[in-house]
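Take a look at the structure set out below.
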Amino acid sequence: MIDVGRPELDEGDVLVRVLEAGVCGTDQELNSGVVGESPADGEFLIIGHENLGIVEEAGKSPDGLRKGDLVVATVRRPCRGLCFACRNGEPDICASTDYFERGIKGMHGYMAEYYAERPENLIRVPLELRKTAVLLEPLSVVEKGVEQAFKIQERHIWNPRKALVAGAGTIGLLAGFILLDMGLEVWTFATRGRDSPKAQIAEAAGAHYVNVKEVSLERISKDYGPFDMVVEATGSSEIAFKAIGMVGNGGVVCLEGLSPKRAAHVICTDCINMDLVMGNKAVFGTVSSNRLHFERGLARMESIERRCPGLLERMITRRVRLDEARDALQHDRDDVKVVVEIGGLRR
């Protein structure tokens, strides 16, 4: 914990007082030094990219933001060279590695009392989503992945009915929520027992939950597959490659999990190549999101809440104060989403 000055505002900036910051695997990797880059003019990085705040000073915001508005800020910022994607509002598809990410790469994040931001990077949140809006950033990432999967599948006539989600962490559960909301039948597998919070949340959403310590991946594929779509959210490259064999002919595999350990596995590359080609299968990776996905994520949150009231709130399994943030970075096996509470709504 350190003291930093209240951020100075450039012309057009909005000052936001942070209410909450979510903790994810990336924050834990930052804490252990696996990833991360401090600002060029600094010796430290303020972490935190999942966020919810309230506008403290709006000035003459062209987006109509006003003091007291609840907001969530996007994360990725354009690269220095402004590649084609960044020039056109898609820094999440940046063609270079020279982009910035708040709380991750080259820019301070949101795990502080205040931050300054351009209004175009702020998403206004309705008050009725106050309790769960901190989940909007990870939801936007999954919203993008699912959107891209369906765009890719425009390559042929596709009528998806069954989806498999690997992993029951935040990304995996949110992927299940979105696919269920779209009318698909969803199977979720993870390593926790059926009595775990993650399994209970998945089943409360309407997914079929399978414990892979009790049922093998091969058995899941044989008994419930083949699947029209697989979302890999464990970060295990071994499972990612096995997912190719679990998706049916003409299906798509969306890779959402990262594998920072760089582990090596012995696999039959000829088998994978044959399976992809002969099965007309597609595999793609996705990371980050842009403003459009945040806006679509807001609509999705409202739809999920209508379908399963209270479901998103169950995702937040632990809350800690800012001075307890070190504890938040220590992941408990039953944690789904840990939230750092930084400031409450002032009356």
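Since every read-out is calculated from the coordinates, none of them should be taken as a lab result. Treat the numbers as computed from the prediction; the structure is a model and nothing was measured. Counting neighbours? That spans all protein chains shown, and the Cβs are built from the backbone with ideal geometry, glycine included.
The table for this structure:
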| read-out | value |
| --- | --- |
| Distant-in-sequence amide H partners of Val231 (H built 1.01 Å from N, under 5 Å) | Leu164, Val165, Ala166, Cys254 |
| Where labels lie 7 Å past Cα in the beta-carbon direction, separation of Ser38 and Thr317 in nm | 3.4 nm |
| Segments 296-305, 223-232 sorted - mean Cβ within 10 Å per residue, highest first | 223-232, 296-305 |
| Eligible lysines near Lys144 by straight Cα distance, threshold 24 Å, same-chain separation 8 or greater | Lys105, Lys131, Lys162, Lys198, Lys242, Lys281, Lys337 |
| Extension reserve of the Asp332-Met278 stretch, reckoned as 0.36 nm per residue once the Cα distance is removed | 15.2 nm |
| Sites Lys131 and Glu238 - FRET efficiency at Förster radius 51 Å, r taken between beta-carbons, to 0.05 | 0.90 |
| Positive-end extreme of charge dipole, the chain - chosen from Asn273, Val134, His49 (charges on Cβ) | Asn273 |
| Selection from Val247, Val4, Ile104 lying farthest towards where the dipole of the chain points positive, charges on Cβ | Val247 |
| Translational D in µm²/s for the chain (Stokes-Einstein at 25 °C, 0.890 mPa s, Kirkwood Rh from C-alpha pairs) | 117 µm²/s |
| MRE, 222 nm, helices only [DSSP H, n ≥ 4, -39500 (n - 2.57), over the chain, to nearest 500] | -8500 deg cm²/dmol |
| Bins of 5 Å, starting at 0 and running to the largest distance - Cα pair percent for segment 140-285 | 2, 10, 21, 24, 22, 13, 6, 1, 0 |
| Amide proton proximity set for Glu50, modelled H, under 5 Å, gap of 5+ | Gly22 |
| C-alpha center-to-center spacing [segment 264-336, segment 1-71] in angstrom | 22 Å |
| Where labels lie 7 Å past Cα in the beta-carbon direction, separation of Leu292 and Glu324 in nm | 4.1 nm |
| Amide hydrogen neighbours beyond the local backbone of Val125, cut-off 5 Å, H modeled | Leu70, Val71, Val72 |
